[in-house]
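Everything below concerns the one structure shown next.
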Amino acid sequence: MNLQSSKKRSYAQSLGIKLTKFDSGFAETILEVQSHMVNAYGTVHGAVIYALADHAFSVACNAYGKTSLGLSTTIQFIESAQPGDKIVACATEVKRNYRTGFYRIDVLHEQNLIATMEAVSYRKDQYFIKF
């Protein structure tokens, strides 16, 4: 199954985000930061870091095949990243019940934690993958 395949280019693809791993309740995404992705201080814009984390969250909560939607997210920015850095987001399911899922997403540059996000998803009844 390829969650990134579609005829239209997704927002994540337009940023250059790549899905490197996924399984039920887990996803890893990577992005090489480009020079146009910086803020006024020359460091990576928070929206870029958020987009990377959000994409990992989306894949992790949808990896069961049922349509899941984000209900809420909270992100903490801890350190900055620079153009040329490869940043990685790892989304891990903390808890899941019938309708909701709780996730932690860590964004790292090498071994340094640069952001962490908590996210909650809502799972609908419809499967978007046939088993």
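Loop-located GluC sites (Glu not before Pro) in segment 1-94 (DSSP state other than H, G, I, E, B) with a sparse environment of at most 14 neighbouring Cβ atoms within 10 Å: 79. Taking each residue as 0.36 nm, the span from residue 73 to residue 45 lengthens on full extension beyond its C-alpha to C-alpha distance by 8.3 nm.
Note: relative contact order over segment 1-117, using C-alpha pairs below 8 Å and six or more positions apart, is 26 percent. What FRET efficiency would be calculated for the residue pair residue 20, residue 98, taking the C-beta separation as r and a Förster radius of 22 Å, to the nearest 0.05? Computed FRET efficiency for residue 20 and residue 98: 0.15. Over all other residues within a Cβ to Cβ distance under 10 Å of residue 61, the charged ones net out to +2, with Lys and Arg as +1 and Asp and Glu as -1. Our coupling estimate for segment 29-44, obtained by passing each phi through the Karplus curve with A = 6.51, B = -1.76, C = 1.60 and θ = phi - 60°, is 10, 9, 8, 8, 5, 9, 5, 7, 9, 9, 9, 5, 8, x, 9, 4 Hz, Gly and Pro reported as x. Sequence-ordered 3J(HN,Hα) estimates for segment 83-90 from the Karplus curve with 6.51, -1.76 and 1.60 and θ = phi - 60° stand at x, x, 5, 9, 10, 10, 10, 10 Hz, glycine and proline given as x. Of 97, 112, 62, the residue with the greatest mean-square motion in the GNM of the chain, using alpha carbon springs below 10 Å, is 97. Structural size metrics of segment 2-78, computed from C-alpha coordinates, are Rg and Dmax of 13.3, 41 Å. Max-minus-min Cα coordinates of the chain on each principal axis give 45, 32, 22 Å, with the largest extent listed first.
Local charge sum around residue 120 (other residues, Cβ-Cβ under 13 Å, Lys/Arg +1, Asp/Glu -1)?
Residues close to residue 120 contribute a combined charge of +2.
Against the chain, whose longest principal axis is taken from its Cα atoms, helix 46-62 shows a tilt of about 20°.
Taken together, the values in this text are just the output of simple stated rules run on the coordinates, not laboratory data. For clarity, every value in this text was computed on a predicted model and none was experimentally measured. Note: ideal-geometry Cβ built from the backbone for every residue, glycine included; neighbour counts use all protein chains shown.
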